[in-house]
Amino acid sequence: ALQNMGEELTRLGPQEVKNLDLPADLREALQLYARIGDHEGRRRQMQFIGRVMREIDPAPIRAMLDARREVSAAATAALHKAEQWRDRLLNADEAELGELIETLLAARPAQPEADSTEEADAKPGKKAISAGELRTMAVAARKEAVENNTPQARRALFRAIHGMLG
């Protein structure tokens, strides 16, 4: 189990290793492993990582890796949900489009009123999207799909939906 955890740690990127609260000697061993290109050198460094892992308490590291995996799974689920909404808006007929937009707007998470203006000032790209704007984006994306143009409007629609649901 410790060896598998060590291997999982070696698959993390350098920035992710820095962000985890790891003991200094384990962090250094992982950074050195990332710089080694030789197969035999990596094998020996992996053995060293295993030895370091035996000397520390693995429970906090396992908890950090599990939390990281849950966050990653949640982010992936959010992307899939946004893709599904975009596809539904692109494939819906004109009569169904308005109903879908209203359902989508109702599905977005509630945001506190007090800091909505502060957040809007801090993040200029994050403004609430109205039903009319969403309809305009969906119509432009549909037109673009029919004409087989580059997917700029479809991407913009996806970003808007993802931002709303995110």
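Taking ILE36, ILE101, ILE61 in turn, the Gaussian network model of the chain (Cα-Cα springs below 10 Å) assigns the largest fluctuation to ILE36. Can you work out the PRE-style zone for GLU8? Point 7 Å along Cα to Cβ, and I want the residues of region 75-101 with backbone N under 19 Å. Residues passing the 19 Å test: 75-77. Across region 57-72, the residues whose backbone nitrogen lies under 12 Å from the label position 7 Å along the beta-carbon direction of ASP21 are 60-61, 63-64. The apolar share of the surface of the chain, taken as the fraction of accessible area on carbon and sulfur atoms (1.4 Å probe, ligands and nucleic acids excluded), comes to 52 percent. Computed about its Cα centre, the charge dipole of the chain is approximately 600 debye, with only Lys, Arg, Asp and Glu carrying charge at their Cβ. Here the simple spin-label model places points 7 Å from the Cα toward Cβ, and for THR150 and GLU70 these points are separated by 4.1 nm. Along the charge dipole of region 1-112, pointing to its positive end and built from +1/-1 on Cβ of Lys, Arg, Asp and Glu, which listed residue (LEU26, ALA67, MET5) has its Cα farthest out? Value: LEU26. Net charge in the neighbourhood of GLY98 (other residues with Cβ under 15 Å of its Cβ; Lys, Arg +1, Asp, Glu -1) is -3. Entry comment: accessible area of region 1-115 is 66 Å² per residue, from protein heavy atoms only and a probe of 1.4 Å.
Report note on the peptides 143-152, 39-48, 83-92: ranked by the mean count of other C-beta atoms within 10 Å, highest first, their order is 83-92, 39-48, 143-152. Working note: 222 nm ellipticity from helices only, DSSP H runs with n ≥ 4, each -39,500 (n - 2.57), summed and divided by the residues of the chain, gives -25000 deg cm²/dmol to the nearest 500. Potential lengthening of the chain between SER130 and GLU28 amounts to 31.7 nm, from the contour at 0.36 nm per residue minus the alpha-carbon distance. Rounded to the nearest 10 degrees, the angle from helix 131-146 to the longest Cα principal axis of the chain is 80 degrees. Residues considered: ALA73, ALA156, ALA95. Largest GNM mean-square fluctuation over the chain, using C-alpha springs under 10 Å, is found at ALA95.
Angle of helix 94-107 to the longest C-alpha principal axis of the chain, folded into 0 to 90 degrees and rounded to 10: 50°.
The values are calculated or read from the model by the stated rules, or taken from the named source; none is laboratory data. Every value quoted in this text rests on a predicted model; they were computed, and no experiment measured them. Backbone-built Cβ (ideal geometry, glycine too); neighbour counts: all protein chains shown. Quick note on the areas: whole protein, heavy atoms, side chains included, nothing else; ligands and nucleic acids left out. Shrake-Rupley method; radii C 1.70, N 1.55, O 1.52, S 1.80 Å.
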